[in-house]
Every structure is written in structure tokens, then in C-alpha cells.
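A quick write-up on the structure given underneath.
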Amino acid sequence: MSTYIIMIMIVRPLLLLLPLFGKSRCHDEVTTSTEGSSYKGISFNVAMIALFSVAGGILFILGIINIVILILKLQLRKKLVLIKVKLNPNKALEKVSRDMKDDRDIVLAVVEKDGLALKYASERMQNNCEIVGAAVTQNALALQYASVGMKDNINEVFYAVTQNGCALQFASVGMKDDRDIVLRAVKQNGEALQYASFVLRDDGDIVMAAVTQNGRALLWASEGMRNNRDIVMAAVTQNGDALQFASDELKGDKDVILAAETQDGSATFESIKTYSTCTSTQI
């Protein structure tokens with residue numbers, strides 16, 4: 001295609017100069033030659049102009065055809081990639097070319113099947129609301145591969161933690177300090193409390209919601225909350241093992257002990273192995 005363009009750039013100026021050349025030559029021949037030779041000179045110039053015009057037109061048409069062919073090839077290539085990723089989305093985005101990782105249709109088709117594939121998308125796609133939204137819808141933990149801006153987008157983060165509270169760990173610092181976001185996260189998974197800001201770990205409503213969903217979330221509550229009788233009672237009622245995370249004072253509270261033993265006869269004062277359902281979430 002570039003060859004055609006260069007040739008056209010050369011031919012076009014010649015076409016503009018030829019008429020001038022023709023006039024000059026015609027004038028010389030009129031003054032120095034017979035009418036017959038002058039007529040032949042004019043005919044020759046006209047023929048050359050016509051020839052160059054036709055050649056230029058042909059080159060221009062060939063250039064257009066070449067562009068159309070290139071566009072069709074790209075469209076066919078895109079369709080083939082789309083078919084491939086839809087049939088086998090697992091790590092499909094990892095193997096395609098860089099330009100395909102920046103193609104909205106390709107990336108969207110992949111993350112709708114495998115949200116974590118957002119990892120292999122271009123930075124532009126990782127900052128696209130539609131793409132990130134589709135990815136976290138399929139797998140909330142895809143938030144970890146979103147752009148910094150998307151991790152601070154209240155809509156994207158809210159939807160992610162609604163699907164999986166553990167996604168809070170990938171949100172921005174600001175989102176981890178947002179009361180509505182954190183409350184939504186701990187209601188889905190109490191152990192998401194570990195990713196909340198220190199301020200919200202000391203919020204009675206937040207901590208209560210967390211331990212009600214999972215008593216063991218008491219582990220990540222503030223010292224003050226672990227010494228709050230209502231909070232601790234709610235925690236051990238949901239999971240007797242939470243007794244180990246209560247303050248020393250409440251570990252000796254008969255009602256608290258009874259509630260813990262009622263829920264879990266094996267509950268003890270001894271430390272039990274810490275376990276979190278939110279660990280090992282990255283790929």
C-alpha cells in the first residue's frame with residue numbers, strides 16, 4: 001500500500017507540470033517548425049497527459065483495493081480469535097497478540113467466561129468500566145487486576161464485594177475506609193473485616209455484622225470490640241471457637257463460656273489454629 005501512495009505522490013506533480021511543458025514546447029515549435037510538426041507535438045503531449053492520468057487513477061484504485069483487503073483481513077482475524085476464545089476461554093487472552101488484548105470485543109468475550117483473565121488484558125481495558133464490570137460479575141476477585149482507578153470506583157468495588165466480601169482486599173485504601181463498602185463486604189463474608197481500615201474495625205455495627213456472619217471475624221476486630229460483651233456473645237453464638245479471640249475478661253464470663261460451649265462443645269480457652277477463607281485468592 002505504501003508503494004502505491006509513493007507512486008501517486010510522484011505522478012500527480014508530473015501531471016500538473018506536463019501541461020506547462022506542453023505549452024512551452026508547442027510555442028517553440030510554432031515559431032520554428034511547420035504546422036504539421038506542431039500538431040504532432042501537441043498530440044504527443046495530450047497523449048502523455050492522458051497516459052499519466054490513467055496510470056495515476058489505476059494506482060489510486062489499487063491503493064483503495066489494498067486498504068479494503070487489509071481491513072477485511074483484520075476483520076476475519078478478529079472473528080477467528082473470537083471463535084477461539086469462546087470455545088476455549090481458559091488463558092485464551094494470555095496467548096493472543098497485543099492488539100487483541102486491547103480489543104473490546106475480544107476482551108469482553110473472554111472475561112465474561114473467565115473474569116480472572118482480566119490479568120492479561122491491556123491497561124486500557126483494565127481501566128474500562130464495562131470490561132471490569134463483566135470480569136467482577138464472573139469472578140469478584142478479578143478486581144485485583146483492575147486499574148488503580150477502577151479499584152477506587154465505588155460502583156465496581158461495591159458490586160465486587162457484594163459477590164465476594166474477600167474482594168475488599170483488592171480495593172483502594174479509600175474504599176477500605178468506606179462504611180457502606182465494608183459493611184456490604186462483611187455481610188457477605190465476615191472475615192473480610194481483616195481488610196477494613198482500623199477505624200472501621202472499631203465500628204460496632206461493622207463488627208457486629210461481621211461476627212454475625214462468621215464468629216471468627218472477632219479475630220480482626222479492635223481490642224475494644226473484643227471486650228464488648230454484645231459483640232463477643234454474637235461471635236461465640238455463631239461459632240464457639242471465637243471464644244479464643246475475646247478479651248481475657250470476657251473469656252472468664254460464665255454466660256459467654258456457656259454460649260460458646262452450647263454452640264461448640266469443643267470450644268476452649270486455648271488458641272486454635274487461625275484460618276481465613278479469604279487467603280490464597282490470587283492467581
Taking region 142-166 and keeping residues hydrophobic (A, V, I, L, M, F, W, C) and touching a residue at least 40 places away in the same chain (Cβ under 8 Å) leaves C166
Looking across region 191-212 at residues that are more than 31 Å from the chain's Cα centre (by Cα) and surrounded by fewer than 23 Cβ atoms within 10 Å (Cβ to Cβ), the single one that is nearest to E261 (Cα to Cα) is T212
If we keep only residues of region 220-278 that are over 43 Å from the mean Cα position of the chain (by Cα) and β-branched (V, I, T), then the residue modelled with the lowest pLDDT is T268
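Table: residues versus (1) within 19 Å of N189 (Cβ to Cβ); (2) basic (K, R).
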| residue | (1), (2) |
| --- | --- |
| L219 | yes, no |
| R229 | no, yes |
| N239 | yes, no |
| A246 | no, no |
| K251 | no, yes |
| V256 | no, no |
| A259 | no, no |
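The values are calculated or read from the model by the stated rules, or taken from the named source; none is laboratory data. Values in this document were obtained by computation on a predicted structure and should not be read as measured data. Every residue, glycine as well, gets a Cβ built from its backbone with ideal geometry; the counts of neighbours run over all protein chains shown.
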